[in-house]
Amino acid sequence: MSDYQNILVKEQGRVGIITLNRPEALNALNAALGAEVLAAAQAFDRDPGIGAIILTGSERAFAAGADIKEMAPRTYMEMYTQDFFSDWDRLAAVRTPLIAAVAGHALGGGCELAMICDFIIAAENAKFGQPEIRLGLIPGMGGTQRLARAVGKAKAMEMVLTGRTMDAAEAERSGLVARIVPAADLMEAALAAAETIAGMSKPIALMAKEAVNIAFETSLAEGVHVERRLNHSCFATEDQKEGMAAFIEKRPPVFAHR
Ligand code: CAA
């Protein structure tokens with residue numbers, strides 16, 4: 001874990017914390033940083049001792065986008081044959097709940113990375129945007145799709161076509177972020193949410209995440225069907241028995257997490 005060059009990784013109890021750490025480039029996402037984020041998130045995902053993951057940056061920038069200096073000379077053939085940016089789909093496939101704790105700039109790939117996470121907690125100074133069009137580019141890490149789903153067509157179109165940024169208040173009003181907190185409280189708030197999730201039964205949390213994500217992939221009837229089947233599966237776990245027994249016995253549950 002300690003040989004990462006572009007991120008800091010630590011565990012706090014059952015929470016894994018990944019901090020983007022390229023301050024000289026406002027955490028711009030170069031290929032090396034991307035590979036490290038993915039490796040760290042996948043390692044946490046495989047670890048039964050981890051129940052939630054926080055992805056964060058610095059006070060000044062969550063991430064200012066894909067690395068423009070690295071991308072600038074690339075050719076169409078390189079982008080296409082290497083299927084550039086597709087590795088980020090593997091981060092979206094991480095099953096452990098993933099919280100983005102965002103302060104400062106979350107632009108381009110930075111905004112897209114935050115949206116890959118399951119929800120965003122934003123500091124008051126957070127700014128979100130898809131300014132790629134100003135570079136003669138369009139988003140490539142899912143921005144046109146996830147932003148449209150998060151804030152609706154009108155705002156997504158406006159942001160993607162003009163490159164304008166949204167401040168934290170507008171992002172919360174629009175449904176892009178779950179909650180805004182004072183900048184100084186960002187990590188505390190993210191940790192509190194992550195610890196709450198990590199204190200639940202892990203398999204049940206995985207099912208809850210899977211069920212919500214289905215809403216973005218399928219019809220209502222199909223989604224409700226999947227939800228119901230997953231709900232039924234909860235009854236095959238020890239943790240459902242423990243959770244309900246604890247409620248009836250008026251005591252806190254002790255989940256096995258398995
Ligand atoms: N890539 C590479 N380097 C970046 C970067 C990026 N996306 N964003 C910032 N940096 C670098 C700057 O070049 C600068 O480095 P130098 O000191 O070596 O010149 C350093 O970070 C600090 O940046 P600024 O001096 O520009 O800081 P600022 O406070 O004046 O401005 C900013 C901050 C508004 C975020 C500005 O840096 C900016 O506009 N960055 C680019 C944002 C952007 O266009 N992002 C989209 C990238 S494309 C993309 O993400 C494609 C995709 O969909 C995957």
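The values are calculated or read from the model by the stated rules, or taken from the named source; none is laboratory data. Everything quoted here is computed from the prediction, not taken from an experiment. Every residue, glycine among them, receives a Cβ derived from its backbone with ideal geometry; neighbour counts consider all protein chains shown. Please note that ligands, DNA and RNA were not included when accessible areas were found on the heavy atoms of the full protein model with its side chains. Shrake-Rupley method; radii C 1.70, N 1.55, O 1.52, S 1.80 Å.
May I ask you to give the percent of accessible area on the chain that is carbon plus sulfur, with a probe radius of 1.4 Å? If you can, show how the numbers build up before the last one.
Working: 7650 of 13280 Å².
The nonpolar share, carbon plus sulfur, comes to 58 percent.
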Total lysine pairs under 20 Å (Cα atoms) in the chain, excluding pairs fewer than 8 apart on one chain: 5
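Shape verdict for segment 161-238, please, from the Cα gyration tensor: rounded (a/c under 1.5), prolate (a/b greater than b/c) or oblate. Intermediate results must be reported in sequence, preceding the final value.
Numbers: a/c = 4.32, a/b = 1.43, b/c = 3.02.
Judged from the Cα gyration tensor, segment 161-238 comes out oblate (a/c at least 1.5, b/c at or above a/b).
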Low-density loop cleavage sites - GluC sites (Glu not before Pro) in segment 156-258, where at most 16 other Cβ are within 10 Å (DSSP): E217, E249
On each of the three principal axes the extent of the alpha-carbon atoms of the chain, given in whole Å and largest first, is 62, 44, 39
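Mind listing which chymotrypsin sites (Phe, Trp or Tyr not before Pro) in segment 198-255 are in a DSSP loop and have 15 or fewer other Cβ atoms within 10 Å? Don't jump to the answer; show the numbers that get you there.
Working: sites: F216, F235, F247, F255; in loops: F216, F235, F255.
Here the sparse-neighbourhood loop sites are F216, F235.
Enumerate by residue number the GluC sites (Glu not before Pro) in segment 1-65 meeting two conditions: DSSP loop (anything except H, G, I, E, B), and at most 14 other Cβ atoms within 10 Å of the site's Cβ.
Values: sites: E11, E24, E36, E59; in loops: E59.
Answer in residue order: E59.
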Fluctuation leader among A72, A64, A193 - the chain, Gaussian network, Cα springs under 10 angstrom: A72
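Work out how much length T162 to A39 would gain on full extension: take 0.36 nm times their residue separation and subtract the Cα-Cα distance, in nm to one decimal.
Numbers: separation 123, 0.36 × 123 = 44.28 nm, distance 3.41 nm.
That works out to 40.9 nm of additional length.
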Can you tell me the accessible area per residue over segment 26-171, all protein chains present, probe 1.4 angstrom, in square angstrom? 43
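Classify segment 113-258 as rounded, prolate or oblate from the Cα gyration tensor: take a ≥ b ≥ c as the square roots of its eigenvalues, call it rounded if a/c is under 1.5, otherwise prolate when a/b beats b/c and oblate if not. The partial results should precede the final answer.
Working: a/c = 3.23, a/b = 1.72, b/c = 1.88.
It comes out oblate by the Cα gyration axes.
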Taking Cα atoms, how many degrees apart are the long axis of helix 202-214 and the longest axis of the chain, rounded to 10 and kept between 0 and 90? 50
Once S233 and T75 are pulled to full extension, the length gained, defined as 0.36 nm per residue separation minus their Cα-Cα distance, is 52.1 nm
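Test of understanding: what is the full-extension gain from H225 to A92, defined as 0.36 nm times their sequence separation minus their Cα-Cα distance?
Details: separation 133, 0.36 × 133 = 47.88 nm, distance 2.25 nm.
That pair, H225 and A92, stretches by 45.6 nm at full extension.
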Residue of T165, T75, T56 that the Gaussian network model of the chain assigns the largest fluctuation, springs spanning Cα pairs under 10 Å: T75
Given 37 °C and 0.692 mPa s, how large is the Stokes-Einstein diffusion coefficient of segment 56-170 in µm²/s, with Rh as the Kirkwood radius over Cα pairs? 228
Within the set I120, I197, I99, GNM on the chain using Cα springs under 10 Å gives the largest fluctuation to I197
Counting pairs of alpha carbon atoms under 8 Å apart in space and at least six apart in sequence, what relative contact order in percent does the chain give? 16
Quick one: if the Förster radius is 51 Å, what FRET efficiency do Q5 and E249 give, using the C-beta to C-beta distance and rounding to 0.05? 0.50
